[in-house]
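Coordinate-derived values only; no laboratory data. Every value quoted in this text rests on a predicted model; they were computed, and no experiment measured them. Note: ideal-geometry Cβ built from the backbone for every residue, glycine included; neighbour counts use all protein chains shown.
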């Protein structure tokens, strides 16, 4: 199966990471500052400009939509794993804060579930 739009995504990611590293060095830290976010913005802007110019075939547009749907959860998972390692190395206060935040989120699930339901408790039909 061919995945269209991968080249555009890869180019935007490389450019975003480069810009993020450059921003980090300009600020005086050795870290990437917003490189993935910059890559997402570049992908959106470049795909839209190419689409308006007629340079983006329909299959490639579908591929970019696919990658956009996959890209965000992967990046969120990567950031979450970094935060876990940072919290574990940060000591008991950071671990306790993370545990309390997770417990509050779990406790709010039933409340959020009720949002959008009708008076009978039925979920809305799409």
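Which value in nm describes the separation of the simple spin-label points at residue 3 and residue 94, placed 7 Å from the Cα toward the beta carbon?
Each label point lies 7 Å from its Cα, and together they span 3.1 nm.
If the chain between residue 65 and residue 10 were fully stretched, how many nm would it gain, using 0.36 nm times the residue separation less the Cα-Cα distance?
Residue separation times 0.36 nm, minus the Cα-Cα distance, leaves 18.4 nm.
Determine the gain in length on full extension of the stretch residue 122-residue 21; use 0.36 nm per residue of separation and subtract their C-alpha separation, reporting nm with one decimal.
So the chain would gain 31.4 nm between residue 122 and residue 21.
Can you sort 21, 48, 30 by how many other beta carbons sit within 10 Å, fewest first?
Starting with the residue having the fewest Cβ neighbours, the order is 30, 48, 21.
Just to be sure I understand the model, the point goes 7 Å from the Cα along the line to the Cβ. What's the resulting residue 30 to residue 55 distance in nm?
Output for this residue pair reads 3.8 nm.
Using only the alpha carbons, work out the radius of gyration and Dmax of the chain in angstrom.
When restricted to Cα atoms, the chain yields Rg and Dmax of 20.2, 58 Å.
Given the options 110, 57, 73, which has the most mean-square fluctuation in a GNM of the chain, springs set between C-alpha atoms less than 10 angstrom apart?
110
Between residue 74 and residue 111, take the C-beta separation as r, use R0 = 25 Å, and let me know the FRET efficiency to the nearest 0.05.
Efficiency, from the Cβ-Cβ distance: 0.30.
Taking the chain as a Gaussian network, where each spring joins two C-alpha atoms under 10 Å apart, which residue of 42, 103, 111 fluctuates the most?
Sorting by GNM fluctuation, first place goes to 111.
Once you order the gyration tensor axes a ≥ b ≥ c over the Cα atoms, which shape class does segment 7-78 get: rounded for a/c under 1.5, otherwise prolate or oblate by comparing a/b with b/c?
Because a/c hits 1.5 or more and a/b fails to exceed b/c, segment 7-78 counts as oblate.
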